[in-house]
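Single-structure report; data block below.
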Amino acid sequence: MAKRVVVNRYRCAYCGACVAVCKFNANELVETFLVIDEEKCNGCGICVKVCPMNALEVVS
Amino acid sequence: MNYDVVVIGAGPGGSLAAKTCAERGLSVLLVEKRQEIGAPVRCAEGIGKKDLQKFVEVDKKFIAAEVVGAKIYAPDGTEITLTEEMAGNEVGYVLERKIFDRHLARLAAKAGADVIVKTTAIGMERTKDSVKVKLRRMGEEFEVGCKIVIGADGVESRVGKWAGIDTTLKLNEIESCVQYLMTGIDFDPEYCHFWFGSNIAPGGYVWLFPKGNNSANVGIGVMPSLAKRSPKEYLDEFVERNYSNGKIVEVVAGAVPVKGEIETAVADNVMLVGDAARHADPITGGGIANAMKAGYYAGIVAAEAIQKGDCSAKTLRRYDELWKNDFGKDLARKRKLQQKLIKMDDETLNKIMHTLANCKLEEISVKAMIKELIKRHPKLLWDLKDLFL
Ligand SMILES: Cc1cc2nc3c(=O)[nH]c(=O)nc-3n(C[C@H](O)[C@H](O)[C@H](O)COP(=O)(O)OP(=O)(O)OC[C@H]3O[C@@H](n4cnc5c(N)ncnc54)[C@H](O)[C@@H]3O)c2cc1C
Ligand code: SF4
Ligand code: SF4
């Protein structure tokens, strides 16, 4: 299966770092939570490296 | 619904932009996606006194603490003390941003701006000389028409991308940050404190900013391209080593753009301000003051353009001129300096700090420090001499 990134909502602190580095516009900080667009995310993992809270993980 | 200007994001940049537009007689809508302006906080809350006074009447209710200077610690513990005058007024107040951000939004409202919260801008569409901004409020979508969009949507900005300005940050153009509000810890409350070192905070630093009553913002920023672990892990280590008795009463996460000056913050009918335009300082990570300046300039240019009846990129380019002349060049210089500093090992950093600790500088601005260092260690920073001397 294709790779994509998932967020651990219990860890995410709603900061926007991951959104700032995603060139595929695959994630969005909605009013109070982070959503990842499975269609757009290719699992490149860039956002995983920037997340201050270790809340993101690439899965396949 | 139609407005002259829609401002997206009610941080310091957006509120100043909305206020300035309203004061110049424009109809303006300030849109904020969060349900509470200013919360959750994503900031260490330090600002220079002069910078703050330029734009607001200082009110005790949003000042958490005042400091007289900064203390910087080298990897080997060598300490340098910068007094406020020496630091060129880079330090001074520690804000309470939850209150401060709301105060600024209120000033915008008072000047005549409409404000809506819990409403996200999700897209925009440009027609001949107007823009339709798509908004989503509590699950319902609607549109607002305007002549100019001011994107003040912070580090996670989308407005630039919608307008064709690619603001995506690379892993060496961002600082990934975590901060704890700690109480019951011992520190000198007269100063802001900064720790450097590749084991402490690769590509960044640890800070402690006093917030009154034995409490402080203790935080870290690291550059993801250099960090081996997440900033939280580095910060936990630092806290364990230095303030293990303290209590953590708030956790803050965030990111600061440290890309330096971008080519343009302008497109047809669109201006970007503050973190959205990557206006934060690549060395200090401070971005409140520049966001407010940029918001102010964008407001002025919006009023000029609308009066002229021409909101094309060509006219709005005046805004680029204003922010670049004010602080753009400084951002470019600091980015070059940052690129140098992050390559230095701890031994070199120690050497630099020893030099600075031992020399009597009349003014310890970044510029004065660099000047002195180039004189004493020409090899180290030689290629920066044209920028700083
Ligand atoms: C940990 C940390 C410590 C910092 N410490 C300092 C410091 O000590 N001193 C300093 O000067 N600076 C500091 N900064 C930087 C400073 O916080 C920012 O530079 C400053 O907040 C930028 O202001 P702004 O108005 O551009 O953006 P922000 O304050 O980020 O405001 C942007 C707003 O836009 C909203 N928004 C985003 N997208 C949308 C949308 N689509 N629709 C509607 N609303 C939207 C957001 O919710 C947010 O409220 C720090 C940053 C971090 C992360
Ligand atoms: S894994 Fe890559 S594409 Fe997916 S959200 Fe993260 S940065 Fe974007
Ligand atoms: S970077 Fe991490 S903490 Fe920040 S919004 Fe993304 S997932 Fe959440």
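The values are calculated or read from the model by the stated rules, or taken from the named source; none is laboratory data. Please read all numbers here as calculations on a predicted model, not as lab measurements. Glycine also receives a Cβ, built like all others from the backbone with ideal geometry; neighbour counts cover every protein chain displayed. When the accessible area is computed, the model is the full protein with side chains, heavy atoms only, and any ligands, DNA or RNA have been set aside. Shrake-Rupley method; radii C 1.70, N 1.55, O 1.52, S 1.80 Å.
Points to keep in mind about this one:
- Among B:Glu140, B:Glu304, B:Glu156, the order of accessible area from largest down is B:Glu140, B:Glu304, B:Glu156, computed with a 1.4 Å probe on protein heavy atoms.
- About the Cα centre, charge dipole magnitude for chain B (Lys/Arg +1, Asp/Glu -1 at Cβ), debye: 740 debye
- Global geometry of region A:4-59, whether rounded, prolate or oblate, following the gyration tensor of its Cα atoms and the 1.5 cut on a/c: rounded
- Size descriptor for the protein assembly as shown, Kirkwood hydrodynamic radius: 22.3 Å (Cα pairs only, one decimal).
- Sorting B:Ile342, B:Ile37 by solvent-accessible area of protein heavy atoms yields B:Ile342, B:Ile37, largest first, with a 1.4 Å probe.
- Shape of region B:125-215, Cα gyration tensor, a/c cut at 1.5: prolate
- Lys/Arg +1, Asp/Glu -1 at C-beta; the protein assembly as shown dipole; positive extreme among B:Thr81, B:Ala368, B:Asn358: B:Ala368
- Amide proton proximity set for B:Thr119, modelled H, under 5 Å, gap of 5+: B:Glu32, B:Lys33, B:Arg34
- In the context of the full protein assembly, B:Val249 retains an accessible surface of approximately 90 Å², using a probe radius of 1.4 Å and ignoring ligands and nucleic acids.
- Charged side chains reduced to their Cβ positions (Lys and Arg at +1, Asp and Glu at -1) give the protein assembly as shown a dipole of some 700 debye around its Cα centre.
- Tensor-based shape of region B:101-172 (alpha-carbon gyration tensor, a/c under 1.5 rounded, otherwise prolate or oblate): oblate
- The convex hull around the C-alpha trace of region B:1-152, projected and averaged over every direction, spans 11.5 square nanometres.
- Put B:Lys61, B:Lys161 in order of accessible area, highest first, and with a 1.4 Å probe you get B:Lys61, B:Lys161.
- Accessible area of B:His377 in the full protein assembly, 1.4 Å probe (Å², nearest 10): 40 Å²
- Per residue, the convex hull spanned by the alpha carbons of chain B comes to 131 Å³.
- Carbon and sulfur %, accessible surface of chain A computed with the full protein complex present, 1.4 Å: 50 percent
- What chain B shows is 42 Å² of accessible area per residue, with the surface traced by a 1.4 Å probe over protein heavy atoms.
- The Cα-based radius of gyration of region B:283-329, divided by its Kirkwood radius, gives an Rg/Rh of 1.06.
- Difference of contour (0.36 nm per residue) and Cα-Cα distance, B:Leu226 to B:Glu304: 23.7 nm
- B:Ser244 sits with roughly 70 Å² accessible to a 1.4 Å probe, with DNA, RNA and ligands left out of the calculation.
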